[in-house]
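I have placed the structure first, in the form of structure tokens, so that the comments after it can refer back to it.
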Amino acid sequence: MRRFWRDNSLGLVFGVLFLVVLVAQAFAGHADFNQQQLASGMEPISLGRYLTSASFAADVAENWQSEYLQFFLYIFLTVWLVQRGSPESKKPGEQGRESDEKQKVGPYATDGSPVWARAGGLRRMLLSNSLGIVMGLLFVASWLTQSIAGAAAFNERQLRDLQEPVTWAEYLTEPDFWNRTLQNWQSELLAVASMVILSIYLRQRGSPESKPVGSPHDATGVEG
């Protein structure tokens with residue numbers, strides 16, 4: 001058991017932190033929602049009802065979709081684009097999908113390689129692109145969830161203000177939807193750009209996201 005915790009500590013810690021923050025968001029969002037209810041002369045709702053509301057679903061999904069968009073773009077763009085001096089980038093001149101030998105597929109697969117790495121055709125293609133495909137599907141799924149839940153939450157406000165509700169398609173043209181979406185996209189893209197560029201000149205000893213402390217600033221694709 002101790003070995004299991006040691007070998008999986010990074011994923012487990014982030015999983016626990018995610019649950020802690022999600023629970024905290026639920027309580028904070030519930031309090032904020034009820035403040036708005038009271039300000040509008042309406043009755044507050046229970047925590048359980050809030051957790052099943054469109055408002056809570058929209059707030060959660062809008063953050064998830066921006067995170068998955070970030071990873072989806074980063075996974076695919078780093079195949080072809082480079083940033084000299086960044087440990088987050090391939091070395092200049094090594095852009096592209098790389099050879100079968102370097103990727104250890106087909107006849108170059110090792111004993112520990114996944115079974116589909118030895119196979120050809122569709123199976124190898126799916127395995128070779130599985131990370132980006134799944135990230136892309138998670139982005140689309142969370143984006144759809146955000147849009148559907150956001151439309152329901154928007155219509156609740158519309159009815160409360162004695163205005164006409166809108167359809168899902170109409171909601172996709174509303175400033176409310178794009179304000180929710182774009183404010184998350186820009187923050188994620190800024191975070192990625194900051195990581196790529198700052199890691200050229202700054203170091204964190206012992207982190208695989210950083211170059212070794214003594215590496216030159218122009219060393220590219222080198223991890224600590």
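Values in this text are rule-based calculations from the coordinates and carry no lab data. Worth saying up front: this structure is predicted, and the values here are computed from it rather than measured. We place every Cβ from the backbone using ideal geometry, glycine too, and count neighbours over all the protein chains shown.
Any residue that is without any contact (Cβ under 8 Å) to a residue 24 or more places away in the chain, surrounded by 11 or more Cβ atoms within 10 Å (Cβ to Cβ) and either in contact with a strand residue (DSSP E or B) (Cβ under 8 Å, 6 or more places away or on another chain) or not charged (D, E, K, R) (or both) - is there at least one of those in region 53-71? Taking every residue of region 53-71 in turn, none turns out to be without any contact (Cβ under 8 Å) to a residue 24 or more places away in the chain, surrounded by 11 or more Cβ atoms within 10 Å (Cβ to Cβ) and either in contact with a strand residue (DSSP E or B) (Cβ under 8 Å, 6 or more places away or on another chain) or not charged (D, E, K, R) (or both). Counting only helices (runs of 4 or more DSSP H) that sit wholly inside region 91-201, those with at least 2 residues that are surrounded by fewer than 15 Cβ atoms within 10 Å (Cβ to Cβ) and touching a residue at least 24 places away in the same chain (Cβ under 8 Å) are 130-160, 175-201. Can you confirm whether region 79-86 contains a residue that is under 19 Å from M125 (Cα atoms), surrounded by fewer than 18 Cβ atoms within 10 Å (Cβ to Cβ) and within 26 Å of the chain's Cα centre (by Cα)? Yes, the conditions are met somewhere in region 79-86.
Residues in region 5-47 that are surrounded by fewer than 12 Cβ atoms within 10 Å (Cβ to Cβ) and touching a helix residue (DSSP H, G or I) at 6+ places or on another chain (Cβ under 9 Å): W5, L22, F27, S40, M42, E43, S46. For region 11-52, which residues satisfy the criterion of being outside any helix (DSSP H, G or I), free of Cβ contacts under 8 Å to residues at least 60 places away in the same chain, closer than 16 Å to A153 by Cβ and not aliphatic (A, V, I, L, M)? The answer is T52, and nothing else.
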